[in-house]
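Take a look at the structure below.
Values in this text are rule-based calculations from the coordinates and carry no lab data. Everything numeric in this text was worked out from a predicted model, so none of it was measured. Here the Cβ positions follow ideal geometry from the backbone for every residue, glycine too, while neighbour counts run over all protein chains shown.
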Amino acid sequence: MSNKNNTTLYVGVTNDLVRRVFEHKNNILPGFTALYDLHKLVYFEVYEDEMSAIQREKYLKKCYRKTKNKLITDKNPQWNDLSDEFAFN
């Protein structure tokens with residue numbers, strides 16, 4: 001997740017991406033994403049098992065910003081909000 005100016009990034013893991021993005025966009029839960037208005041989904045990865053997803057999350061959280069920027073830009077060069085396609089209920 002990122003803010004409108006793409007100056008802050010958040011890396012997390014979830015088993016329900018649509019629900020979790022909705023929570024971030026609506027500041028349902030207090031915390032980092034609410035504090036910094038991180039409402040744009042700019043990148044995500046899908047994993048078959050929970051342990052692989054958690055390992056990847058831990059790895060990405062330790063990465064430099066430059067590495068994260070490259071991952072995002074390679075798949076989403078304009079840093080668009082990928083959740084614009086979601087149908088939030």
Within the chain, GluC sites (Glu not before Pro) in DSSP loop having at most 11 other beta-carbon neighbours inside 10 Å: Glu48
Label selected from [x] 1.85; [y] 1.04; [z] 2.16, the criterion being Cα Rg over 2.2 N^0.38 Å as computed here: [y]
MRE, 222 nm, helices only [DSSP H, n ≥ 4, -39500 (n - 2.57), over the chain, to nearest 500]: -12000 deg cm²/dmol
Added length on full extension, which subtracts the Cα-Cα distance from 0.36 nm per residue, Thr73 to Glu23: 15.6 nm
Percentage relative contact order, the chain, counting C-alpha pairs under 8 Å, at least six apart: 35 percent
Debye, to nearest 20: dipole size of the chain, +1 on Lys, Arg Cβ, -1 on Asp, Glu Cβ: 540 debye
DSSP-loop trypsin sites (Lys or Arg not before Pro) across the range 2-80, with at most 16 other Cβ within 10 angstrom: Lys4
Chymotrypsin sites (Phe, Trp or Tyr not before Pro) within the range 1-88: DSSP coil, no more than 10 neighbouring Cβ in 10 Å: Tyr64, Phe88
